[in-house]
Amino acid sequence: MAAPTMDRSASAEPSAVQTMTIAKAINNGLRAAMEANPKVLVMGEDVGKLGGVFRITDGLQKDFGEQRVLDTPLSESGIIGTAVGLAIRGYRPVCEIQFEGFIFPGFDQLVSQVAKLHYRTQGRLKLPMVIRVPFGGGIGAVEHHSESPESYFAHTAGLKVVSCANPADAYWMIQQAIDSDDPVLFFEPKRRYYEKGQVDTTAAPAPLFQSRVLRSGTDVTVVAYGPMVRTSLDAAAAAEDEGRSLEVIDLRALSPLDLAPVYESVRRTGRLVVVSEAPGESSIAGEIAAKVQQECFYSLEAPVLRVTGFDTPYPPSKLEEEFLPDLDRVLHAVDRSLAW
């Protein structure tokens, strides 16, 4: 049986608002989950003594011991496969994939076992496990350290996929993912790890699979997730100086997609720009465009536009700023939409 979990969404304690980076918020969220449930384990390459290459798990092995924070061999397939067995036995393992490009040696475990076991056993087995994945570019890294593979997993029935974009969501969403009885891939925007924000550790969080309007606007709807949320907010601030009002929505969940707020927004603005680092071909951005076209056809004043990475392998670090969507590319899409 799955281990009992604790509801951390509400507390009688007074509000405790702290300023944290996204990295620290994830660390604190992991710590809170481990304190609340002794069945929560953290495992991965260098997550223990080193604290992870980005120091996300820093201090956890010291405080919880080597039996709960496990340094593993360099084998993503082994890490994920071991976590499957632990989850079946009632544990709640949290696996770290060191960089997103390293997830593919474990791809078969994820799509053939993790995604299928609940369905294959007609619900008799649950897999309450989390796979943490630092993803995206912008850190000047080499090949296999800057990619955006989230569409592979959002496409796979049986997997839940989420991505945080600010410290408050990072703190709460990692705990909610751990509490979930379904396997969750938790994509972390590594270029934003050290951006700061306020976190209320006693406030009730939004549901895990719910998108959120971060900035209200009237002219164009801009939808993003993960590292592109900050870029979209910056674009909205710049557009305001030009007299244009952009509504920015953070998807937060990529599977399942919560598009109700997007439909509501597009029915008011008549325009949509979708922003994502991943290549545009066969992408989450394309799925959003198709569904909005289907549901909001008579409200659209212009085609849905996408601002994405290019349909090429990730370039050398000297060229990554040309590859990644930036404020200017978002504003250019806004101009094209309004000129239609």
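The values are calculated or read from the model by the stated rules, or taken from the named source; none is laboratory data. Please read all numbers here as calculations on a predicted model, not as lab measurements. Cβ sites come from the backbone with ideal geometry, for glycine too, and all protein chains shown count toward neighbours. These area figures cover heavy atoms from the full protein model, side chains too; ligands, DNA and RNA do not enter into them. Shrake-Rupley method; radii C 1.70, N 1.55, O 1.52, S 1.80 Å.
Can PRO93 be described as within 22 Å of the chain's Cα centre (by Cα), part of a helix (DSSP H, G or I) and either modelled with pLDDT of 95 or more or in the same structural domain as ASP182 (by TED's automatic domain parsing) (or both)?
No.
Matching residues to (1) under 18 Å from GLU150 (Cα atoms); (2) among the small types (Gly, Ala, Ser):
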{"site": "ARG192", "(1), (2)": "yes, no"}
{"site": "GLN198", "(1), (2)": "no, no"}
{"site": "THR201", "(1), (2)": "no, no"}
{"site": "THR221", "(1), (2)": "no, no"}
{"site": "ARG230", "(1), (2)": "no, no"}
{"site": "ALA237", "(1), (2)": "no, yes"}
{"site": "GLU240", "(1), (2)": "no, no"}
{"site": "GLY243", "(1), (2)": "no, yes"}
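Kindly indicate whether VAL47 is closer than 23 Å to ASP169 by Cβ and either open to solvent by less than 30 Å² (accessible area, probe 1.4 Å) or aromatic (Phe, Trp, Tyr) (or both).
The answer is yes for VAL47.
In the set ARG230, ARG252, which member is open to solvent by 50 Å² or more (accessible area, probe 1.4 Å), modelled with pLDDT of 95 or more and not polar (S, T, N, Q)?
After applying the criteria, what remains is ARG230.
If GLU147 satisfies all but one of (1) in contact with a strand residue (DSSP E or B) (Cβ under 9 Å, 6 or more places away or on another chain); (2) open to solvent by less than 40 Å² (accessible area, probe 1.4 Å); (3) part of a loop (DSSP other than H, G, I, E, B), what's the number of the condition it fails?
Going through the list (1) in contact with a strand residue (DSSP E or B) (Cβ under 9 Å, 6 or more places away or on another chain); (2) open to solvent by less than 40 Å² (accessible area, probe 1.4 Å); (3) part of a loop (DSSP other than H, G, I, E, B), GLU147 breaks only (2).
Tell me, please, whether a residue that is in a helix (DSSP H, G or I), open to solvent by 40 Å² or more (accessible area, probe 1.4 Å) and over 26 Å from LEU254 (Cβ atoms) can be found in region 50-63.
yes
Name every residue in region 200-235 that is in a strand (DSSP E or B) and either touching a residue at least 60 places away in the same chain (Cβ under 8 Å) or aromatic (Phe, Trp, Tyr) (or both), in order of residue number.
ASP200, VAL220, VAL222, VAL223
Test each condition in (1) under 20 Å from TRP172 (Cβ atoms); (2) at pLDDT below 95 for ALA23 and report the one that comes out false.
Evaluating ALA23 over (1) under 20 Å from TRP172 (Cβ atoms); (2) at pLDDT below 95 leaves (2) as the failure.
Which residues, counting only those in region 150-166, are assigned to a helix (DSSP H, G or I), open to solvent by 10 Å² or more (accessible area, probe 1.4 Å), of a type outside the set (A, V, I, L, M, F, W, C) and in contact (Cβ under 8 Å) with a residue 60 or more places away in the chain?
If the condition is that a residue be assigned to a helix (DSSP H, G or I), open to solvent by 10 Å² or more (accessible area, probe 1.4 Å), of a type outside the set (A, V, I, L, M, F, W, C) and in contact (Cβ under 8 Å) with a residue 60 or more places away in the chain, then SER151 is the only one that fits.
Taking GLY243, is it farther than 22 Å from TYR171 by Cα, outside the structural domain of PHE153 (by TED's automatic domain parsing) and either aromatic (Phe, Trp, Tyr) or open to solvent by 10 Å² or more (accessible area, probe 1.4 Å) (or both)?
For GLY243, the condition - farther than 22 Å from TYR171 by Cα, outside the structural domain of PHE153 (by TED's automatic domain parsing) and either aromatic (Phe, Trp, Tyr) or open to solvent by 10 Å² or more (accessible area, probe 1.4 Å) (or both) - is met.
Name the residue, out of LYS126, LYS116, that is surrounded by fewer than 20 Cβ atoms within 10 Å (Cβ to Cβ) and in contact (Cβ under 8 Å) with a residue 60 or more places away in the chain.
It is LYS126.
Under the condition of being small (Gly, Ala, Ser) and in contact with a Lys or Arg (Cβ under 9 Å, 6 or more places away or on another chain), which residue from region 303-340 is farthest from ALA235 (Cα to Cα)?
SER337
Which residues, taken from region 299-310, are in a loop (DSSP other than H, G, I, E, B) and either among the small types (Gly, Ala, Ser) or surrounded by fewer than 12 Cβ atoms within 10 Å (Cβ to Cβ) (or both)?
Hit for region 299-310 is ALA302, nothing else.
Would you confirm whether or not region 185-193 contains a residue that is open to solvent by 40 Å² or more (accessible area, probe 1.4 Å), in contact (Cβ under 8 Å) with a residue 40 or more places away in the chain and among the acidic types (Asp, Glu)?
Taking every residue of region 185-193 in turn, none turns out to be open to solvent by 40 Å² or more (accessible area, probe 1.4 Å), in contact (Cβ under 8 Å) with a residue 40 or more places away in the chain and among the acidic types (Asp, Glu).
Residue-by-condition table, conditions (1) open to solvent by less than 20 Å² (accessible area, probe 1.4 Å); (2) touching a residue at least 12 places away in the same chain (Cβ under 8 Å); (3) touching a Leu at 6+ places or on another chain (Cβ under 8 Å):
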site: GLY280; (1), (2), (3): yes, yes, no
site: ALA285; (1), (2), (3): yes, yes, no
site: LYS291; (1), (2), (3): no, yes, yes
site: PHE297; (1), (2), (3): no, no, no
site: THR312; (1), (2), (3): no, yes, no
site: LYS318; (1), (2), (3): no, no, no
site: LEU324; (1), (2), (3): yes, yes, no
site: ASP328; (1), (2), (3): no, no, no
site: LEU331; (1), (2), (3): no, yes, no
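Does region 133-141 contain any residue that is open to solvent by less than 10 Å² (accessible area, probe 1.4 Å), touching a helix residue (DSSP H, G or I) at 6+ places or on another chain (Cβ under 6 Å) and closer than 22 Å to ALA206 by Cβ?
Taking every residue of region 133-141 in turn, at least one turns out to be open to solvent by less than 10 Å² (accessible area, probe 1.4 Å), touching a helix residue (DSSP H, G or I) at 6+ places or on another chain (Cβ under 6 Å) and closer than 22 Å to ALA206 by Cβ.
I need a count of the residues in region 80-96 that are touching a residue at least 12 places away in the same chain (Cβ under 8 Å) and surrounded by fewer than 24 Cβ atoms within 10 Å (Cβ to Cβ).
The number of residues fulfilling the criteria is 7.
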